[in-house]
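Values in this text are rule-based calculations from the coordinates and carry no lab data. Every value quoted in this text rests on a predicted model; they were computed, and no experiment measured them. Virtual Cβ from ideal backbone geometry, glycine too; neighbours counted across all protein chains shown.
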Ligand SMILES: NC(=O)c1ccc[n+]([C@@H]2O[C@H](COP(=O)([O-])OP(=O)(O)OC[C@H]3O[C@@H](n4cnc5c(N)ncnc54)[C@H](O)[C@@H]3O)[C@@H](O)[C@H]2O)c1
């Protein structure tokens, strides 16, 4: 039988994306765009470390590389950027990218203080570009299933929430001395704050109490290095949350979330990589994910697929992707989570509970 001629359906032009920062996370995002996100093209890579950009471009077959992100921003054929530089450059790059009319996916944190974040978000709003922050946990299948249950009200009124991050480690932390101060709040627990805020949608984080220490690398405590932290968060709806983090789980990368409420409980995340279990004379065993890009491979891909779909729909005037629950993390989510992280830093410094520097008009109703 002869093949039938297909109807010709015009495909939308791909979204051309420029990567800014080709280190650990940027390289994975670049690989996702190049190989796993239909409708997106990795058009250029910028990194002041040109060797890093060159190596990634050679791996992925990307034509354009530059040491200067401004070259990407000046390229009229590029629709959007992924910002994956070190955090201290994020706010400035967001501001410049918005002024250049580029849609923006930015790794967390979007800034290191609220003043620079607000300046960047003002530029985003003025330019009318799409802004998405890299809170990838929202795209993990089990966190989405939990969120769907929460949106359907199965837990009732949230009373207790929990989110934890245990980064994979070996019992000591390589390059710990070079880790910027307060990373545990600004770059690690910021994910947990977003999970808690997202799970407790409609409520505002009002007050935090953070306790932190260097328990993995106690020798670095005097230099201000912190690798272990527990935070309680009070919300405007009265719910109480706990977030905790540690930089060295010997058993792998462990990320979990939970909401307990008036009608029940939902949990998301598991420490094992698969549901397979190994029963031997030594007992019960299971494989665990060792890297963030293993545990969240799908989530990292799906957050970029969402970004691409929104940018594409804006450009082409087509309906944006829809979801049964709030999904895409945007500017208010970036701000809310950063405000929690900054309040934690103050809380540790002051040794007491601290109000979250949120929206100025926020009136907490249920904090006693
Ligand atoms: N979502 C997640 O789970 C996750 C995981 C890891 C890292 N991150 C975030 O990604 C960002 C990058 O982290 P990383 O681990 O990839 O760091 P990294 O040090 O591996 O890479 C950073 C890269 O940015 C480049 N760079 C430095 N200054 C730059 C500038 N001004 N403009 C452009 N590029 C510049 C560096 O040369 C380097 O190649 C951080 O904000 C981090 O918090 C997110």
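Details
- Taking segment 15-129 and dividing mean pair separation by its residue count, relative contact order in percent (alpha carbons under 8 Å, at least six apart): 25 percent
- Distance between modelled label sites at residue 172 and residue 262, nm, 7 Å Cα→Cβ extension: 5.3 nm
- Only helical runs count toward this figure. For the chain, summing -39,500 (n - 2.57) over DSSP H runs of n ≥ 4 and dividing by all residues gives -10000 deg cm²/dmol at 222 nm.
- Cα convex hull of segment 244-368, projected area averaged across orientations, nm²: 13.4 nm²
- Degrees separating the helix 50-60 axis from the principal Cα axis of the chain, which is the longest one: 70 degrees
- Under the Debye formula (equal points on every Cα, no solvent term), log10 I(q)/I(0) of segment 15-129 at q = 0.15, 0.19 Å⁻¹: -0.57, -0.91
- Between helix 114-127 and the chain: long-axis angle, C-alpha atoms, 0 to 90°, nearest 10: 30 degrees
- Between segment 299-325 and segment 73-122, the Cα center-to-center distance that results, in Å: 19 Å
- Bridge type composition, segment 15-129 - antiparallel percent by DSSP, nearest 5: 0 percent
- Extension gain, residue 211-residue 240: 0.36 nm per intervening residue step, less the Cα-Cα distance, totals 8.9 nm.
- Extent along principal axes [Cα atoms of the chain; Å; largest to smallest]: 65, 53, 43
- Shape parameters for segment 240-314, alpha-carbon atoms, Rg then Dmax in Å: 16.9, 58
- Förster radius 30 Å - calculated FRET efficiency between residue 59 and residue 13 (Cβ-Cβ, nearest 0.05): 0.75
- Rounded D (µm²/s) - segment 184-301, Kirkwood Rh over Cα pairs, Stokes-Einstein at 4 °C, 1.567 mPa s: 79 µm²/s
- In degrees, nearest ten, helix 297-316 long axis to first principal axis of the chain (Cα): 50 degrees
- Alpha-carbon centroids, segment 254-275 and segment 164-201: separation in whole Å: 18 Å
- Working ranking of peptides 31-44, 214-227 by packing, defined as the average number of other Cβ atoms within 10 Å per residue, highest first, is 31-44, 214-227.
- For segment 83-210, the square roots of the Cα gyration tensor eigenvalues, ordered a ≥ b ≥ c, give a/c of at least 1.5 with a/b no greater than b/c, which places it in the oblate category.
- Fraction of antiparallel bridges per DSSP, the chain only, in percent to nearest 5: 55 percent
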